[in-house]
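S.K.: Structure incoming, see below.
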Amino acid sequence: MKNARELFDEMPVRTIVSWTTMITGYRRTECYADALDVFREMQMVGIEPDVISIIAVLPACAQLGALEVGKWIHKY
């Protein structure tokens, strides 16, 4: 994921697809906190989550036991 993050950081334009790919990558490698961090970062730069990005991040919330965060994300 380190290499993926470096490439991601160098991308001149990041779409919802690239953000969701990073979230999914972190989740699949069991880096759940990093998945949530990317989701928050995505929102901070003005990218609105879509259904796919929400589906990608919710399991990270579950694995972290972050019930309130998961509920908040689910309301999107």
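The values are calculated or read from the model by the stated rules, or taken from the named source; none is laboratory data. Note that this is a predicted model, so its numbers are computed, not measured. For neighbour counting, all protein chains shown are included, and Cβ atoms are generated from backbone atoms with ideal geometry for every residue, glycine included.
S.K.: Filter the range 31-57 down to the residues that are of a type outside the set (A, V, I, L, M, F, W, C) and assigned to a helix (DSSP H, G or I) and list them by number. Step through it out loud before you land on a result.
M.R.: So the first thing to find is which residues in the range 31-57 are of a type outside the set (A, V, I, L, M, F, W, C), and the list is 32, 34, 37, 40-41, 43, 46, 48-50, 53.
Scanning the range 31-57 gives Tyr32, Asp34, Asp37, Arg40, Glu41, Gln43, Ser53.
S.K.: I've got another one for you. Could you go through the range 16-33 and let me know if any residue there is among the basic types (Lys, Arg) and either touching a strand residue (DSSP E or B) at 6+ places or on another chain (Cβ under 7 Å) or over 14 Å from Tyr76 (Cβ atoms) (or both).
M.R.: Filtering the range 16-33 for residues among the basic types (Lys, Arg) gives 27-28.
Narrowing further to those that are either touching a strand residue (DSSP E or B) at 6+ places or on another chain (Cβ under 7 Å) or over 14 Å from Tyr76 (Cβ atoms) (or both): 27-28.
Checked against the condition, which is being among the basic types (Lys, Arg) and either touching a strand residue (DSSP E or B) at 6+ places or on another chain (Cβ under 7 Å) or over 14 Å from Tyr76 (Cβ atoms) (or both), the range 16-33 yields at least one hit.
S.K.: Note down all Cβ pairs under 7 Å where the first residue falls in the range 10-36 and is at negative phi and in contact (Cβ under 8 Å) with a residue 12 or more places away in the chain, the second is in a loop (DSSP other than H, G, I, E, B) and among the β-branched types (Val, Ile, Thr), and they're at least six residues apart or on different chains.
M.R.: Ile16/Ile47; Trp19/Ile47
S.K.: Across the range 1-58, what is the number of residues that are among the hydroxyl-bearing types (Ser, Thr, Tyr) and over 25 Å from Lys71 (Cα atoms)? If you could, list the steps in order and put the result at the bottom.
M.R.: In the first step, residues of the range 1-58 are kept if they are among the hydroxyl-bearing types (Ser, Thr, Tyr); the result is 15, 18, 20-21, 24, 26, 29, 32, 53.
Then drop every residue that is not over 25 Å from Lys71 (Cα atoms), which leaves none.
Adding up the residues that qualify gives 0.
S.K.: While we're on this one: Only one of these is modelled with pLDDT of 95 or more and under 13 Å from the mean Cα position of the chain (by Cα): Met22, Met11. Name it.
M.R.: On the way: Met11 fails: under 13 Å from the mean Cα position of the chain (by Cα).
Sole residue among the options that is modelled with pLDDT of 95 or more and under 13 Å from the mean Cα position of the chain (by Cα): Met22.
S.K.: Report the residue count in the range 1-30 for those that are part of a loop (DSSP other than H, G, I, E, B) and of a type outside the set (Lys, Arg).
M.R.: Within the range 1-30, the first condition is being part of a loop (DSSP other than H, G, I, E, B), and the residues that meet it are 1, 11-15, 29-30.
Narrowing the set further to residues that are of a type outside the set (Lys, Arg) leaves 1, 11-13, 15, 29-30.
Residues flagged as part of a loop (DSSP other than H, G, I, E, B) and of a type outside the set (Lys, Arg) within the range 1-30 amount to 7.
S.K.: Evaluate the following for Cys61: is it more than 19 Å from Ala4 (Cα to Cα) and surrounded by 13 or more Cβ atoms within 10 Å (Cβ to Cβ)? Quick ask: steps written out before the conclusion?
M.R.: Details: more than 19 Å from Ala4 (Cα to Cα): yes; surrounded by 13 or more Cβ atoms within 10 Å (Cβ to Cβ): yes.
Judged against the criteria, Cys61 is a match.
S.K.: Right, here's the next one. Considering only the range 64-76, state which residues are part of a helix (DSSP H, G or I) and surrounded by 13 or more Cβ atoms within 10 Å (Cβ to Cβ).
M.R.: Residues of the range 64-76 that are part of a helix (DSSP H, G or I), as a first pass: 64, 67-74.
Across the range 64-76, the qualifying residues are Leu64, Val69, Gly70, Ile73.
S.K.: Further, regarding this structure: It is to be established whether one or more residues within the range 37-49 are under 12 Å from the mean Cα position of the chain (by Cα) and small (Gly, Ala, Ser).
M.R.: no
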